[in-house]
1. Pull out the extension gain between Ile446 and Met50, defined as 0.36 nm times the separation in residues minus the alpha carbon to alpha carbon distance; nm, one decimal.
2. How many nm separate the modelled label positions at Asp272 and Arg455, each set 7 Å beyond the Cα in the direction of the Cβ?
3. Just want to confirm a number: the relative contact order over the chain, from Cα pairs under 8 angstrom separated by 6+ residues, in percent.
4. Modelling each spin label as a point 7 Å along the Cα-to-Cβ direction, I'd like the Asp163/Thr401 distance in nm, to one decimal.
5. The chain: percent of C-alpha pairs farther apart than 29 Å?
6. What translational D, rounded to a whole number of µm²/s, comes out for the range 101-302 from Stokes-Einstein when the hydrodynamic radius is the Kirkwood one over Cα pairs, at 37 °C and 0.692 mPa s?
7. Taking R0 as 60 Å, what FRET efficiency do you get between Glu288 and Ala536 from their Cβ-Cβ distance, rounded to the nearest 0.05?
8. Over 18 Å between C-alpha atoms is what I'm after, so list which of Lys114/Lys200; Lys193/Lys542; Lys167/Lys193; Lys178/Lys556; Lys46/Lys488; Lys135/Lys193 land there.
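Readers should treat all values here as calculations from the given coordinates under stated rules, not as data from a laboratory. Since we're looking at a predicted model, the values are computed, not measured. Quick reminder, even Gly has a Cβ in these numbers, built from the backbone with ideal geometry, and neighbours come from all protein chains shown.
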Amino acid sequence: MLRLTAPLGLVALAAVPALAQEAPAPIAQTNALRNAALPADQAALKSHIMFLASDQMRGREAGSAEYDIAAQYVASQFYEQGLRPAGDQGSYLQKVPLIRYKPADKGSMAFVRKGGQPVALVFGQDYLPAGNPSKTAYQLTAPVVFVGYGIAGLGRDDYRGVDVKGKIVAFFGGAPSKFPAEERAHFGSPASKAEIAMRKGAVGYISLESPRTGHGSYPFSAVAANWDRARVTWAEADGTGHLPTPTAPALGMLSKAAAARLFDGARVKWADVARLAQDDDARFKAIELPVTLSVTLNTANTPITSYNVAGILPGSDPAIGKEVVVLSAHLDHVGVGKADAKGDTIYNGAMDNAVGVASLIEEARRFGASGKPPRRSVLFLAVTAEELGLVGADYFAQNPTVPKQSIVADVNLDMPILTYKFEDVTPFGAAHSTLGETVARAAAQIGVGMGGDPRPDEAFFVRSDHYRFVQQGIPSVFLWPGEKGPGKAATDAFLSTHYHQPSDDLVQQPAIDWESGARFVDVNYRIAREIADADAKPMWKKGDFFGTLFGGPMEK
């Protein structure tokens with residue numbers, strides 16, 4: 001069983017009551033009166049957030065001692081709510097072996113034209129190297145093919161007319177704005193472009209600085225300022241870093257000036273490509289460039305250990321009891337960082353995402369209080385390293401502690417903004433599966449409506465942990481209080497002022513409306529209860545893009 005050592009846990013936990021005892025009596029009495037005024041369900045929600053978002057948790061960064069304490073707290077709450085351990089070795093904790101990786105040095109890049117001599121590219125001027133967590137010393141020499149945006153899908157194939165097997169592909173970041181917002185976010189992701197490149201047989205990819213700034217592409221100078229920034233993945237069984245496209249890794253980025261040199265002598269001129277790139281919906285002709293590129297990369301890996309927390313409520317139905325509904329929320333935040341104007345360096349993460357984890361715990365309490373076991377099993381999952389790229393959720397989705405084929409849905413809780421009395425709910429991803437109807441019914445039961453996505457350009461559907469379940473073909477949804485009435489102003493205020501800032505705590509931001517918090521728990525419980533008890537499991541809508549792309553059950 002994996003657990004904290006006694007000294008670490010006891011010392012850190014003991015600090016909280018010690019600080020409370022030192023508080024002046026008037027403050028302590030005021031807090032007692034405030035807590036006494038809250039109904040039990042609201043007080044329970046607040047108590048979890050007070051602990052998880054306290055300064056003593058120092059922002060719950062994945063891999064930190066404080067995160068481990070937070071994980072133990074959630075495990076103890078799962079135990080109190082009657083959940084069975086669903087982690088490793090009979091515990092509530094699933095060990096997540098993380099790898100922090102970054103370029104160990106500047107590496108090298110050089111190109112050769114047929115019959116010519118190698119021409120070295122200049123670090124920081126022509127190229128920036130990528131890190132490769134799966135191979136810390138990596139070399140590759142191969143011809144280069146330009147493939148525009150590097151997209152294949154939605155009626156577009158930027159690879160048309162070329163064979164990229166055994167070659168390096170070069171493409172721009174982003175995706176055309178004419179694509180639907182969520183699909184655009186999917187295709188604009190470097191990970192999706194890499195997967196397409198691997199599927200086409202490429203052996204690596206280079207990102208090109210776009211002649212057009214914005215729209216999902218970053219200037220070379222901006223990337224150069226953080227060229228050796230560490231990234232995080234999870235470790236494979238052999239200790240190497242997980243890379244989704246091991247046979248087509250990222251090689252680095254080329255500036256516009258370097259790209260122009262690669263195009264010298266090509267059938268298409270770089271100047272023409274740069275002009276065409278000003279059109280958002282441009283369709284570039286894929287061409288083989290008259291060069292062979294040699295790349296050397298050296299990567300530094302640092303192992304980190306963190307934990308997902310998993311507890312399960314077994315299903316009671318003999319026929320569907322082994323099917324599993326996952327309810328997820330990320331436990332980590334961004335830790336300690338740059339001081340704000342008040343000198344505060346602790347990014348407490350109250351709304352993001354102590355509220356989500358507290359709601360998860362309180363949903364478990366409601367299942368227990370109902371006195372009625374669910375027909376399907378319900379797994380409560382608090383994941384690590386969401387802020388580092390949905391890494392903990394990805395690890396669980398690919399290494400679940402229950403049979404993968406048994407998971408029928410994921411309902412995710414991430415940063416619900418609870419500073420106002422919400423009049424509707426926003427279920428990101430609802431349009432893709434029958435979960436949308438489930439959410440609408442649950443919302444109606446508490447007297448609110450269900451709105452559409454009010455911020456499609458933010459593409460929230462692909463930006464939180466549930467998306468790692470989507471990528472395994474599992475219908476998923478994630479819920480926010482909606483933006484009807486006071487919701488838009490409250491959401492704008494949080495995102496513009498407190499999101500990923502030290503002020504996301506219980507003191508500096510607008511006060512949480514605890515009644516709305518309890519209502520939010522209630523609607524999520526109703527969603528989970530319906531999924532768990534329904535005769536039919538959730539299905540992707542017929543022909544849905546994500547359901548078709550990733551597989552899974554689909555309506556006929």
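1. Gain on stretching Ile446 to Met50: 139.9 nm.
2. Between Asp272 and Arg455, the simple spin-label model gives 4.2 nm.
3. Relative contact order here is 18 percent.
4. Reported label-point gap for Asp163 and Thr401 is 5.0 nm.
5. Above the 29 Å cut-off, the chain has 56 percent of its Cα pairs.
6. 193
7. 0.75
8. Those over the limit are Lys114/Lys200; Lys193/Lys542; Lys178/Lys556; Lys46/Lys488; Lys135/Lys193.
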